[in-house]
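Beneath this line is the structure, given in structure tokens, with notes to follow.
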Amino acid sequence: MSNPARLDADAVAEAIPRLREDVTVSQSEDGAIRLRSAELRRTRLGSALAWLFRLPLRIEVELDEIGSWVVARMDGRSMQDLATDLAADRKLTLREAEAALTVFVQSLLARRLLTLEGLIRSCA
Amino acid sequence: MNDQATRIFAIHGFSFRIPATWELRVNKGYWGNGYQMFIDHRTPTLNLTWERFSRTPDYDRTVARMAKRATQHSDLKVTKVEPITGSRQGLRVRLEGSEGVFHAAVLRPDPDVNLVLVIRQMLPGSALPLNRLVDSSHALAEDAPTPWRFHGLALDLPPWWRLHGTEHMVGLTRAVWFHRPKNRLKTAGVLVLRRYACASRILREITIDRWIEERLEKRETMRQRAYASDGTFSAIADAPGLSPWRRLRGVREERHLAAWIEEGEDRLVVQEWKGAGPPLPPLRYPQDPKDGALPRMENT
């Protein structure tokens, strides 16, 4: 019996990564893309702890050259298409590109900067 | 499966041609025995185990063991067993079950070499891919020079170099060989190859020799640095002896380094050798590993 929590690799390949609507994109002087989330919603206790530990109000990340290249191409292309483009651009094998892209997308998902369209529907 | 669509896979003294889309996913074991699994576009495709026997292999017993294991884990049953003809020895096996027909082989690529491969297709279908793999297989004796073609690495090594570890991750392949002449326990040399992706990005603002120099240990200095006509950089990293006794005897610790760029795939390859005796030359493969023939093996 398959585990419903385990994502199917083919479903992930067909999913379309998109930046969340509340994420603002800016570009630094050297061309790197900077992603900035909306202000994080916290409970009163969470806010107090955040104030105490000086946690940031929002998530902000600056991408390196390859990350910026990938985010600039998140225009409705599927993960598979992005991996193919990345492999061609960086002369990687398709498996290397897929693995690198998956880790990158996972890190953006964990920071709530990204959504994967089509994944929930296919896994339901 | 014509020559353009295949590439040579060579490891631990045996080789065969595999479709260009196949990748080595699981790689366990050493020269004497081990297990590998190949995938094709994320789908497990082929299972391979090998063993070097000290006695005459019993193919029938191996097939019986395979049949028993297949029965335990699925409803597969051995329906046909036929001998492999020609210069190779072994048995071709046909297994049938509710999922379809699977093919396997117990193969001795060279009757003079005591190496037996057990190959099993993990997808039901035609026997053609397996037959082509069997027909292109070769094996080498323990004391023969060995070619290595896996994970994008391509090199030919003198006899008695044994692969002891590989690490294959995104953007980096690393492999370590030990030199054990006549299977002695004492190691006579160590070879490490690292193959980095995105060489043009790594070396954007720096030359190979500077890049290597920046990665030397603190106590090391670089000497005899030179570039060959093909762009291969070579140098010796030199350091005082590791122990007071070695320093007292005036022994120096030397690492022979070489590095080059594979333009076609934008990879930076760094070779490191340390040991006794004459050092290994830069092992740069002269052509694209995909097209790399194995003359010593294919003439056998």
Yes or no: region B:211-233 includes at least one residue that is within 14 Å of another protein chain (Cβ to nearest Cβ), in a strand (DSSP E or B) and within 26 Å of B:Tyr285 (Cα to Cα). no
Can you tell me which of B:Arg25, B:Arg65, B:Arg17, B:Arg52 is modelled with pLDDT under 95, surrounded by 15 or more Cβ atoms within 10 Å (Cβ to Cβ) and farther than 12 Å from B:Phe150 by Cα? B:Arg52
Suppose the filter is among the aliphatic types (A, V, I, L, M), away from chain A (no Cβ under 14 Å) and within 13 Å of the chain's Cα centre (by Cα); does B:Val134 pass it? no
Can you find a residue that is crowded, with 16+ Cβ neighbours inside 10 Å, assigned to a helix (DSSP H, G or I), within 14 Å of chain B (Cβ to nearest Cβ) and small (Gly, Ala, Ser) anywhere in region A:101-117? no
Taking region A:60-93 and the residues there that are touching a residue at least 60 places away in the same chain (Cβ under 8 Å) and out of contact with any Asp or Glu (no Cβ under 6 Å at 6 or more places or on another chain), the one that is surrounded by the fewest Cβ atoms within 10 Å (Cβ to Cβ) would be A:Gly76
Number of positions in region B:161-184 that are among the β-branched types (Val, Ile, Thr), part of a strand (DSSP E or B) and within 14 Å of chain A (Cβ to nearest Cβ): 1
Filter pass, A:Ser68 being over 12 Å from the mean Cα position of the chain (by Cα) and not hydrophobic (A, V, I, L, M, F, W, C): no
Looking for something among the aromatic types (Phe, Trp, Tyr) and touching a residue at least 24 places away in the same chain (Cβ under 8 Å) - is there at least one such residue anywhere in region B:234-253? no
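Here is a yes/no grid of residues against (1) free of Cβ contacts under 8 Å to residues at least 40 places away in the same chain; (2) surrounded by 15 or more Cβ atoms within 10 Å (Cβ to Cβ):
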| position | (1), (2) |
| --- | --- |
| B:Thr85 | yes, no |
| B:Arg88 | no, yes |
| B:Glu96 | yes, yes |
| B:Leu107 | yes, yes |
| B:Asn114 | no, yes |
| B:Phe150 | no, yes |
| B:Leu163 | no, yes |
| B:Gly171 | yes, yes |
Looking only at residues that are more than 15 Å from B:Arg120 (Cβ to Cβ) and among the aromatic types (Phe, Trp, Tyr) in region B:1-53, which one is farthest from the chain's Cα centre (by Cα)? B:Phe53
Listed residues A:Leu57, A:Leu40, A:Leu35; which is touching a helix residue (DSSP H, G or I) at 6+ places or on another chain (Cβ under 9 Å), surrounded by 15 or more Cβ atoms within 10 Å (Cβ to Cβ) and not in a helix (DSSP H, G or I)? A:Leu35
Return yes when B:Arg195 is without any contact (Cβ under 8 Å) to a residue 24 or more places away in the chain and part of a strand (DSSP E or B) and no when it is not. no
Looking at A:Asp10, is it without any contact (Cβ under 8 Å) to a residue 24 or more places away in the chain and either among the aromatic types (Phe, Trp, Tyr) or not in a helix (DSSP H, G or I) (or both)? no
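To keep it simple, each residue is scored yes or no on (1) farther than 30 Å from A:Arg95 by Cβ; (2) β-branched (Val, Ile, Thr); (3) touching a Pro at 6+ places or on another chain (Cβ under 7 Å).
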site: B:Pro158; (1), (2), (3): yes, no, yes
site: B:Leu193; (1), (2), (3): no, no, no
site: B:Met222; (1), (2), (3): yes, no, no
site: B:Asp238; (1), (2), (3): yes, no, no
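The values are calculated or read from the model by the stated rules, or taken from the named source; none is laboratory data. Since the model is a prediction, treat every value here as computed from it, not as a measurement. Backbone-built Cβ (ideal geometry, glycine too); neighbour counts: all protein chains shown.
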